[in-house]
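See structure below.
The values are calculated or read from the model by the stated rules, or taken from the named source; none is laboratory data. All of these numbers come straight from a predicted model, not from anything done at the bench. Cβ atoms come from the backbone with ideal geometry, glycine included; neighbour counts cover every protein chain shown. Please note that ligands, DNA and RNA were not included when accessible areas were found on the heavy atoms of the full protein model with its side chains. Shrake-Rupley method; radii C 1.70, N 1.55, O 1.52, S 1.80 Å.
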Amino acid sequence: MTMTLDAQARKVSHAQMYIGGEWTDPAAGQTFPTVDPNTGETIAEIPRGDASDVDRAVAAAKAAAVDWQFTDAIARAALLRSLAALVTENADELARLEALDSGHYLAKAAELIGAIPLWLEYWAGLADKVGGRTIEVPGNKLSFTLLEPLGVTGHIIPWNYPLLILVRSCAPALALGNTCVVKPAEDTSLSALKFADLVHQAGFPAGVFNVVTGLGAEAGAALAAHSDIAGITFTGSTETGKTVAKLAADHVAQVNLELGGKSPTIVFPDARLDDAVEAAVQGFCSHTGQVCVAGSRLFVHQDIKDAFLDKLVARLRTAQIGDGFDESTQMGPLVSKTQYDRVRNYIEIGKSEATLLYGGGRPEGAPEGGYFVEPTVFTDVASDSRIGREEIFGPVASVITWSQENELIEACNDSIYGLFAVVFTQDITKALTTARRLAAGGVMINDWFGELPMAPHGGYKQSGTGREEGFEAIGGYTQVKHVTVNLDASLRSGADWAGAPL
Ligand code: NDP
């Protein structure tokens with residue numbers, strides 16, 4: 001591994017891509033800068049891989065695929081466990097890289113990195129337990145299915161939870177016998193490169209895991225379009241997800257998409273108000289609102305609206321916003337200048353569409369040059385306004401007051417998205433009835449979101465296809481082969497009504 005982090009200077013030197021078990025520069029020799037969102041300063045130059053580098057990586061992964069598929073599952077699991085241990089050993093450096101590159105404040109980055117071994121161990125545990133089934137067919141025949149890996153899988157990663165999202169798809173892919181080519185987001189490549197170093201140290205065979213850094217429209221599109229990629233997992237915007245799905249469709253690759261959201265947080269009048277307020281704050285401020293499941297639409301019952309909003313504003317006033325390496329910080333910057341401009345633009349749109357209750361500006365004392373915004377709350381938001389419908393991906397909440405349950409459900413479901421929802425009530429019947437009526441891939445009752453390797457995560461409607469995590473993710477990284485054996489001494493056993501002769 002040639003990449004080194006100077007934690008004091010907040011600089012990284014000599015980042016290279018990882019292809020076929022080796023560190024390498026891009027064929028064209030180009031790089032692009034990645035910046036610290038706390039300051040706007042360049043941290044490192046990142047290799048700008050293009051289609052020829054993707055080609056190299058896919059060829060390496062393809063060459064490694066057959067041996068890896070037939071490596072004992074127990075041995076694949078052992079490698080994943082070694083990798084989990086190495087992540088733990090290197091957690092401090094990984095957390096610093098993640099904080100520096102993505103804007104997660106350091107304590108949160110450390111928490112996220114600390115959780116990553118759970119995913120590696122979960123899939124290590126399942127590697128030798130996943131299998132097919134036997135089928136009762138007529139005649140003296142044994143019929144069964146094999147669950148086989150897809151082959152080479154592509155993984156296009158977003159910038160909001162860079163390493164966690166990489167691991168949540170690569171861990172099952174590797175455990176189930178696939179070889180991987182990863183394209184990290186251009187804003188946050190560093191933790192993927194450090195992770196590749198740990199994959200190397202763990203002893204994974206060359207070519208089983210590869211990282212090509214680069215731009216989405218170049219390296220990302222080349223990966224999705226590559227005819228030797230059998231499956232592609234993408235997390236990011238709905239718009240880019242559609243592009244990736246179309247590129248993959250041209251060579252009929254399997255696609256897993258985890259896309260955008262505009263998730264409702266619903267507060268019933270009997271809710272424990274302090275808990276609901278805290279969940280609402282986590283819902284739209286966690287990672288500065290750059291969360292796919294962000295609870296950016298707050299549906300508050302009219303009877304408790306005033307009390308709720310008073311508590312919400314009081315809570316927001318206590319939020320510590322600043323440089324992610326400052327120990328008191330609870331909310332860091334947005335990831336990039338692009339995202340900062342995008343969120344600021346939505347705040348301006350909000351001012352023309354609704355009433356600004358809180359925030360809307362730059363936090364006092366925030367470091368110069370960093371991409372900081374205040375938590376922002378709009379009230380009197382119409383369900384059909386832009387801030388009520390579009391994914392903002394910043395710490396901006398749209399409060400919508402409701403009184404009738406049928407209208408509430410209709411408004412919650414009136415969205416192109418269907419990723420997640422949060423419901424606050426002490427009435428279990430109401431909670432479960434609401435959960436069943438919501439068009440969303442996940443519902444949390446009386447709590448805020450928490451992602452775990454064992455619980456399926458994914459979206460309805462334009463929030464995605466397929467599921468990450470849990471048993472439900474197995475189908476995303478395997479294909480089914482049906483095998484039947486004639487156990488008779490002769491060719492035909494007679495009971496096969498659908499078979500030959502012609
Ligand atoms: P994108 O969806 O464009 O980026 C996600 C990943 O896709 C990145 O690795 C990106 O590379 C890559 N990519 C971009 N264009 C292509 C392409 N043509 N073919 C293949 N891969 C491509 O998200 P943005 O970074 O542009 O963010 C915009 C919005 O997307 C956010 O404001 C937010 O609304 C949403 N988003 C949702 C996420 C989620 O968790 N569901 C995560 C991130 C964003 P590169 O970084 O080089 O562009």
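Here are the numbers:
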{"item": "The stretch 247-270 residues that are of a type in the set (Phe, Trp, Tyr), paired with ones that are in a helix (DSSP H, G or I) (beta carbon under 7 Å, 6 or more apart)", "result": "PHE268/LYS430"}
{"item": "Filter result (surrounded by 24 or more Cβ atoms within 10 Å (Cβ to Cβ) and charged (D, E, K, R)) within the stretch 143-171", "result": "ARG168"}
{"item": "Test: residue in the stretch 265-276 that is touching a strand residue (DSSP E or B) at 6+ places or on another chain (Cβ under 8 Å) and closer than 30 Å to ILE474 by Cβ", "result": "no"}
{"item": "The one condition in (1) more than 25 Å from the chain's Cα centre (by Cα); (2) part of a loop (DSSP other than H, G, I, E, B) that ALA439 fails to fulfil", "result": "(1)"}
{"item": "From the options PHE372, PHE378, residue that is away from the ligand (no atom under 16 Å from the Cβ), touching a Gly at 6+ places or on another chain (Cβ under 6 Å) and of a type outside the set (S, T, N, Q)", "result": "PHE378"}
{"item": "Selection from the stretch 224-238 of residues that are within 24 Å of GLN479 (Cβ to Cβ) and either in contact with a Gly (Cβ under 8 Å, 6 or more places away or on another chain) or within 12 Å of the ligand (Cβ to nearest atom) (or both)", "result": "ALA224, ALA225, HIS226, ASP228, ILE229, ALA230, GLY231, ILE232, THR233, PHE234, THR235"}
{"item": "Subset of the stretch 105-116 (residues that are farther than 25 Å from THR39 by Cβ and either open to solvent by 10 Å² or more (accessible area, probe 1.4 Å) or among the acidic types (Asp, Glu) (or both))", "result": "GLY114, ALA115"}
{"item": "Residue match in the stretch 283-302 (condition: within 13 Å of the ligand (Cβ to nearest atom), open to solvent by 10 Å² or more (accessible area, probe 1.4 Å) and free of Cβ contacts under 8 Å to residues at least 24 places away in the same chain)", "result": "no"}
{"item": "Complete set of residues in the stretch 48-83 that are open to solvent by 20 Å² or more (accessible area, probe 1.4 Å) and either acidic (Asp, Glu) or modelled with pLDDT under 95 (or both)", "result": "ASP50, ASP55, ASP67, ASP72"}
{"item": "Members of the stretch 53-95 found to be of a type in the set (Gly, Ala, Ser), under 20 Å from SER191 (Cα atoms) and over 23 Å from the mean Cα position of the chain (by Cα), listed by number", "result": "SER82"}
{"item": "Residues satisfying the stated conditions in the stretch 257-276, i.e. more than 16 Å from the ligand (Cβ to nearest atom) and either open to solvent by less than 10 Å² (accessible area, probe 1.4 Å) or in contact with a Cys (Cβ under 8 Å, 6 or more places away or on another chain) (or both)", "result": "PRO264, THR265, ILE266, VAL267, PHE268, ALA276"}
{"item": "Selected residue [open to solvent by less than 10 Å² (accessible area, probe 1.4 Å), under 14 Å from ARG297 (Cβ atoms), small (Gly, Ala, Ser) and within 28 Å of the chain's Cα centre (by Cα)] from SER415, SER398, SER385", "result": "SER398"}
{"item": "Residue selected from the stretch 169-223 under the condition in a helix (DSSP H, G or I), more than 25 Å from ARG467 (Cβ to Cβ) and not aliphatic (A, V, I, L, M), by the criterion farthest from the ligand (Cβ to nearest atom)", "result": "GLN201"}
{"item": "So LYS481, is it part of a strand (DSSP E or B) and modelled with pLDDT of 95 or more", "result": "yes"}
{"item": "Those residues of the stretch 418-431 which are open to solvent by less than 20 Å² (accessible area, probe 1.4 Å) and either within 10 Å of PRO264 (Cα to Cα) or part of a loop (DSSP other than H, G, I, E, B) (or both), in sequence order", "result": "GLY418, LEU419, PHE420, ALA421, VAL422, VAL423, THR425"}
{"item": "Verdict on THR243 being under 19 Å from the mean Cα position of the chain (by Cα), of a type in the set (Ser, Thr, Tyr) and open to solvent by 10 Å² or more (accessible area, probe 1.4 Å)", "result": "yes"}
{"item": "Residues of the stretch 397-421 that turn out to be touching a helix residue (DSSP H, G or I) at 6+ places or on another chain (Cβ under 6 Å) and of a type in the set (Val, Ile, Thr), as a count", "result": "2"}
{"item": "Count - residues of the stretch 444-469 that are assigned to a loop (DSSP other than H, G, I, E, B) and touching a His at 6+ places or on another chain (Cβ under 8 Å)", "result": "3"}
{"item": "Search result, residues across the stretch 16-47 that are open to solvent by 50 Å² or more (accessible area, probe 1.4 Å) and in a strand (DSSP E or B)", "result": "GLU22, TRP23, THR31, PRO33, THR42, GLU45"}
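For every residue, the table says whether it meets (1) closer than 17 Å to GLY394 by Cβ; (2) surrounded by 15 or more Cβ atoms within 10 Å (Cβ to Cβ); (3) not small (Gly, Ala, Ser).
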{"residue": "ARG317", "(1), (2), (3)": "no, no, yes"}
{"residue": "ILE321", "(1), (2), (3)": "yes, yes, yes"}
{"residue": "LYS337", "(1), (2), (3)": "yes, no, yes"}
{"residue": "ASP341", "(1), (2), (3)": "yes, no, yes"}
{"residue": "GLY350", "(1), (2), (3)": "yes, yes, no"}
{"residue": "GLY360", "(1), (2), (3)": "yes, yes, no"}
{"residue": "GLY365", "(1), (2), (3)": "no, no, no"}
{"residue": "PHE378", "(1), (2), (3)": "yes, yes, yes"}
{"residue": "VAL381", "(1), (2), (3)": "yes, yes, yes"}
